[in-house]
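Participant: One structure coming up, written as structure tokens, with questions to follow.
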Amino acid sequence: MRRTLPSLAILALACLLTASCDPGGSTSSAGTTTAPAAADPATPAEDGPEPAPATTGPAAPPEPTVAGTTAAPPKPAPKKVPALTCKQLAGAHVGSTKVPYQGYADYLPLAEGVWSGEDGDTVTLQKPCGIGDLDGDGAADAVGAVALKSGGSGTFYTLVVWRNADGEPVYRSLAELDDRTPVVSITVSGGRAKVVWLTRSAERSMAELDIRRTSYYQLSGSTFTEVSHTDAPYKP
């Protein structure tokens, strides 16, 4: 009668002859079980895109590319204003509500150099006239003289300034002279007006003129002021 090996002995022998019974290992051709290899930390991972470098702040703007230099358009030349003329003053205004003339509340319009009021007063533009820049704006203004007659023996002389407004005379200021003190000449230079006129000494009568005065005037805002004068003897 044949004897049989126990079942457990047969199972153990089969494992030895075929493969290791350890499920986590691997079996070589000779039946040797080898543990799985650990990953080498020094070995790089499979090839792939490299990570972008870390940034510590906002990216700098790209450098501008200059294809060429374009010159700025030239500035327009300042408007050239024509100088006033003495002839224009014959149709200008004298006085204003801000700077009144001889107590008149409004301006007096000259017509061919003369204004006549209903009360018989007459204002006449005198011949002396000076042209030049008085307010520093580059446009030539005008200085003239007018005389007021009120029906008596008196004739009151006044210097008048007209500013240049785009080539037109606009009343600006005045300076009173005196009764029967005619103006001989007016010139404008260096922002000042040089006025030569006749006057009298304190002891003289109104009809006697014995001083030839040269006065210098400057314009400041709406004020026309004498800044200096020199006197010379005058004989009619």
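The values are calculated or read from the model by the stated rules, or taken from the named source; none is laboratory data. If you're wondering where the values come from, they're calculated on a predicted model, not measured in any experiment. All accessible areas refer to the heavy atoms of the entire protein, side chains included, with ligands and DNA or RNA removed. Shrake-Rupley method; radii C 1.70, N 1.55, O 1.52, S 1.80 Å.
Participant: Return the whole-Å distance between the Cα centroid of segment 170-236 and the Cα centroid of segment 109-160.
Facilitator: Centre-to-centre distance over Cα atoms comes out at 14 Å.
Participant: Also, quick follow-up: Cα gyration tensor of segment 74-121, axes a ≥ b ≥ c as square roots of the eigenvalues: rounded (a/c below 1.5), prolate (a/b > b/c) or oblate?
Facilitator: On the way: a/c = 5.36, a/b = 2.21, b/c = 2.43.
Judged from the Cα gyration tensor, segment 74-121 comes out oblate (a/c at least 1.5, b/c at or above a/b).
Participant: Which shape class applies to segment 91-236: rounded if a/c is under 1.5, otherwise prolate when a/b exceeds b/c and oblate if not, where a ≥ b ≥ c are the square roots of the Cα gyration tensor eigenvalues? All intermediate terms of the calculation are to be shown ahead of the outcome.
Facilitator: Numbers: a/c = 2.03, a/b = 1.14, b/c = 1.78.
It is oblate, given that a/c is not under 1.5 and a/b is not larger than b/c.
Participant: While we're here: If you count only protein heavy atoms and use a 1.4 Å probe, how large is the accessible surface of Val196, to the nearest 10 Å²?
Facilitator: Val196 exposes around 10 Å² with every protein chain in place.
Participant: Right, another one. Can you give the extra length, in nm with one decimal, that the chain gains between Ser220 and Asp166 once fully stretched, where that is 0.36 nm per residue apart less the Cα-Cα distance?
Facilitator: Working: separation 54, 0.36 × 54 = 19.44 nm, distance 2.00 nm.
Full-extension gain reported as 17.4 nm.
Participant: Roughly how many percent of the accessible protein surface of segment 133-198 is carbon and sulfur, given a 1.4 Å probe and a whole-percent answer?
Facilitator: Heavy-atom surface of segment 133-198 belonging to carbon and sulfur, 1.4 Å probe: 45 percent.
Participant: Let me ask something additional. How high is the relative contact order of segment 153-194, in percent, counting Cα pairs under 8 Å that sit 6 or more residues apart? The partial results should precede the final answer.
Facilitator: Working: 50 pairs, mean separation 15.5, N = 42.
Worked out over segment 153-194, it gives 37 percent.
Participant: What figure in square angstrom, to the nearest 10, would you give for the accessible area of Ser189 with a 1.4 Å probe?
Facilitator: 90 Å²
Participant: Could you report segment 78-236's accessible area per residue, 1.4 Å probe, as an integer in Å²? Walk me through the numbers before you get to the answer.
Facilitator: Working: 8330 Å² over 159 residues.
Value returned for segment 78-236: 52 Å² of accessible area per residue.
Participant: Mind grabbing the accessible area of Thr122 for me, 1.4 Å probe, Å², rounded to tens?
Facilitator: Result for Thr122: roughly 40 Å² accessible.
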